[in-house]
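Step one of this worksheet: look at the structure below.
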Amino acid sequence: MASQLKVDTLTGVTTAGSIDVTGEGNSTTTNLQQGLAKYWITFTQSSNAVGDSFNHTSATDNGTGDHTLAIANDFSSAEHAAHAQHIQESGDSAAGFAVTKARAAGSIQIQGLQNNRGALLDVVFQVSSCGDLA
């Protein structure tokens, strides 16, 4: 019979905010807190609307396909690992990609671009970031 563990809080024994998980093969460990996404959002560029998010406060439209996303609980520095991608919503049929233009402890600037470097229209951005919170 399978076991089930139900808890509200996990706390490390030696350091309250640090829990290591043993990996496959029992030869390496991964720190649980370091591996979690600390920010994520699904964001519709054309309407500036948030579909769903975690640790997000607001979005600023900087121009066509260019947005700055504000983070509720800042990272400890601008050196967090931010990732951006897009999915097509409607209208613009050109292939393209999303890039992270700039990062700060409390924000991520993203840009949607067509393969010919023109700005993408009517896309849904999916953005996430990992790193240490302040």
Exercise for the section: Would you point out which residue out of Phe75, Phe54 is open to solvent by 30 Å² or more (accessible area, probe 1.4 Å), under 25 Å from Thr11 (Cα atoms), among the aromatic types (Phe, Trp, Tyr) and at pLDDT 90 or above? Expected result: Phe54
Problem - Selected residue [in contact (Cβ under 8 Å) with a residue 60 or more places away in the chain, closer than 29 Å to Ile108 by Cβ and aliphatic (A, V, I, L, M)] from Ala70, Ala37 - result: Ala37
Problem - Flag for Ser18 being part of a loop (DSSP other than H, G, I, E, B) and within 30 Å of Ile110 (Cα to Cα) - result: no
Fill in the blank from the handout: Scanning the stretch 3-15 for residues that are open to solvent by 90 Å² or more (accessible area, probe 1.4 Å), of a type outside the set (Ser, Thr, Tyr) and at pLDDT 85 or above gives Gln4, Leu5, Lys6, Asp8
Practice task
Kindly check whether there is at least one residue in the stretch 16-23 that is surrounded by 13 or more Cβ atoms within 10 Å (Cβ to Cβ) and at pLDDT 90 or above.
Solution key: no
Handout entry: Matching residues in the stretch 83-103 - criterion: being open to solvent by less than 40 Å² (accessible area, probe 1.4 Å) and either of a type in the set (D, E, K, R) or at pLDDT 95 or above (or both)
Key = Asp92
Practice task
Would you mind stating whether Lys38 is touching a strand residue (DSSP E or B) at 6+ places or on another chain (Cβ under 7 Å) and open to solvent by less than 70 Å² (accessible area, probe 1.4 Å)?
Solution key: yes
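Which residue, of Thr60, Thr44, is of a type in the set (Ser, Thr, Tyr) and open to solvent by 50 Å² or more (accessible area, probe 1.4 Å)?
None of the other options fit; the residue is Thr60.
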Fill in the blank from the handout: For the stretch 48-82, the count of residues that are over 19 Å from Val99 (Cα atoms) and assigned to a loop (DSSP other than H, G, I, E, B) equals 6
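Is it the case that the stretch 26-34 has a residue that's under 24 Å from Ile108 (Cα atoms) and open to solvent by less than 80 Å² (accessible area, probe 1.4 Å)?
yes
The values are calculated or read from the model by the stated rules, or taken from the named source; none is laboratory data. Small disclaimer: the values here were computed from a predicted structure and weren't measured. Note: ideal-geometry Cβ built from the backbone for every residue, glycine included; neighbour counts use all protein chains shown. The protein model used for the area step is the full one, side chains on, heavy atoms only, and it has no ligands, DNA or RNA in it. Shrake-Rupley method; radii C 1.70, N 1.55, O 1.52, S 1.80 Å.
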